[in-house]
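Peer 1: Structure in structure tokens, see below.
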Amino acid sequence: MRTGAVALLVLVAGCVTATPRSDSTLLRPDSGGFAIDGSPLRIDFGRAPGGVIAALTRELGPARTLPLDGCPDGIEQRLAWGDLVVSFTPEQFVGWRKQDAAAGQTCG
């Protein structure tokens, strides 16, 4: 009986979705993309969308997709983690916006 209760608890816990957040102690937005605190590694503008999205999702949880209203030509995807909004062309990471700060190509 105890094994069944534990299995049910594990199953229910797997159904809970993480709340996206934009605060990270690891990633710091800057003029070239994202610095990674405590590391010489970076997530710079120009990187492939898949790798950037995977890294941000690992750190911040799942993203939500935003409409492309007010975006310059070329931006084909906007994703948000809390108040951090990241812009992509089909080939690369091109910009971010967070509250009143922004860098790269962002939407209106």
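Peer 1: If you put +1 on each Lys and Arg Cβ and -1 on each Asp and Glu Cβ, how big is the dipole of the range 19-104 around its Cα centre, in Debye rounded to 20?
Peer 2: So the magnitude is around 220 debye.
Peer 1: Quick one: net charge around ILE36, please, counting Lys, Arg +1 and Asp, Glu -1 for every other residue with C-beta under 9 Å from its C-beta.
Peer 2: Once all neighbours under 9 Å are counted, the net charge is +1.
Peer 1: Give me Rg over Rh for the range 19-104, both radii from the alpha carbons and Rh done the Kirkwood way, two decimal places.
Peer 2: So for the range 19-104, dividing Rg by the Kirkwood Rh gives 0.92.
Peer 1: Let me ask something additional. Test of understanding: what is the full-extension gain from GLN99 to THR57, defined as 0.36 nm times their sequence separation minus their Cα-Cα distance?
Peer 2: My answer for the length gained is 13.2 nm.
Read-outs throughout are calculated quantities, based only on the coordinates presented, and are distinct from any laboratory measurement. Just so it is clear, the structure is predicted and the values come from calculations on it, not from any experiment. Don't worry about glycine lacking a Cβ; one is built from the backbone with ideal geometry, like all the others, and counts go over all protein chains shown.
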